[in-house]
1. Name the long-range amide H neighbours of SER50: under 5 Å, sequence gap of 5 or more, or other chain; modelled H, no Pro or chain starts.
2. For segment 3-125, what does the relative contact order come out to in percent, with C-alpha contacts under 8 Å and a separation of six or more?
3. Note the listed values (1) -0.69, -0.92, -1.05; (2) -0.57, -0.89, -1.12; (3) -0.49, -0.82, -1.10, then indicate which one is log10 I(q)/I(0) by the Debye sum over Cα atoms at q = 0.11, 0.14, 0.16 Å⁻¹ calculated from this particular structure.
4. Please give the contour-minus-distance gain from GLN193 to TYR26: 0.36 nm per residue of separation, less the Cα-Cα distance, rounded to one decimal in nm.
5. Normalised by the number of residues in the chain, what is the relative contact order in percent for Cα pairs under 8 Å and 6+ residues apart?
6. Could you please state, rounded to a whole Å, how far the C-alpha centre of segment 125-188 is from the C-alpha centre of segment 1-69?
7. Counting only heavy atoms of the protein chains, get the accessible area per residue of segment 1-100 (1.4 Å probe) and round it to a whole Å² value.
8. Write down the percent of antiparallel bridges among all DSSP beta bridges whose residues are both part of the chain, to the nearest 5.
Amino acid sequence: VRLYTLFIGPPEKDAEWNDRAVEGCYRFLGRVWRFVTTCDTWGEADGKLSAAEIRRYTHEAIKKITDDLEGSFHFNTAISFVMDLINKVYQAHVTTDADRRQMRETAEAITLLLAPFVPHLCEELWQRLGRNGSIMRAAWPVFDPAAVKVDEIELAVQIMGKVRSKIMVATGATPQEIERCALQDEKIKELLQGKTVRKVIVVPKTLVNIVAN
């Protein structure tokens, strides 16, 4: 109930009570409990996210939540970032000891990030993680800028405004390099057969739109 009350929306806005949404918060906390209490052995054999990606998502959440709490007191968006991180954790592919160490780091970060909202639950989780002393005396997670840097980004490729493929390009790729990569994509080449490319619009870090007829 405490979590839902803080999650329902900004404090300055009216909101209607929703029993089903309360149940959703309960299920979310259940997922948090299952992950944190088993983080040392956590892992899905067919998970699609690597431990490195989980680390990036963890530090992105730390930054966003810290900014929300220190700046605008947007508790609802801060909680939503943790919910998104938990969804990512449930897609983790964990095979090595290093991967499992990352899962523990993420579990500790999630527990600390949720502590202002559900202190009683997080106090118990903190103890189960083997930490001494109250979580309220623990240091807040520190954002590591290096953890969120990526070498490549995924861009959608459109033809006449409709997404037809996706490409991976270097983070610092120029518009010309992105255009060349999009036109060399096998699926795009197939779809452009018999057509003339009139224009290629590159929206940085978002998409490529090819105008052809």
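The values are calculated or read from the model by the stated rules, or taken from the named source; none is laboratory data. Owing to the predicted nature of the structure, the values given are computational and were not obtained by experimental measurement. A quick note on method: Cβ atoms are made from the backbone with ideal geometry, for glycine too, and the neighbour counts reach across all protein chains shown. Accessible surface areas use protein heavy atoms only, side chains included; no ligands, DNA or RNA. Shrake-Rupley method; radii C 1.70, N 1.55, O 1.52, S 1.80 Å.
1. Excluding prolines and chain starts, which carry no amide H, the hits are HIS93.
2. Value for segment 3-125: 36 percent.
3. Given (1) -0.69, -0.92, -1.05; (2) -0.57, -0.89, -1.12; (3) -0.49, -0.82, -1.10, the calculated one carries the label (1).
4. Working: separation 167, 0.36 × 167 = 60.12 nm, distance 5.25 nm.
Here the answer is 54.9 nm.
5. Reported as a whole number, the value is 18 percent.
6. Here the two parts' Cα centres lie 19 Å apart.
7. For segment 1-100, the solvent-accessible area averages 58 Å² per residue.
8. On the way: 14 of 19 bridges.
Counting only bridges with both partners in the chain, antiparallel ones make up about 75 percent.
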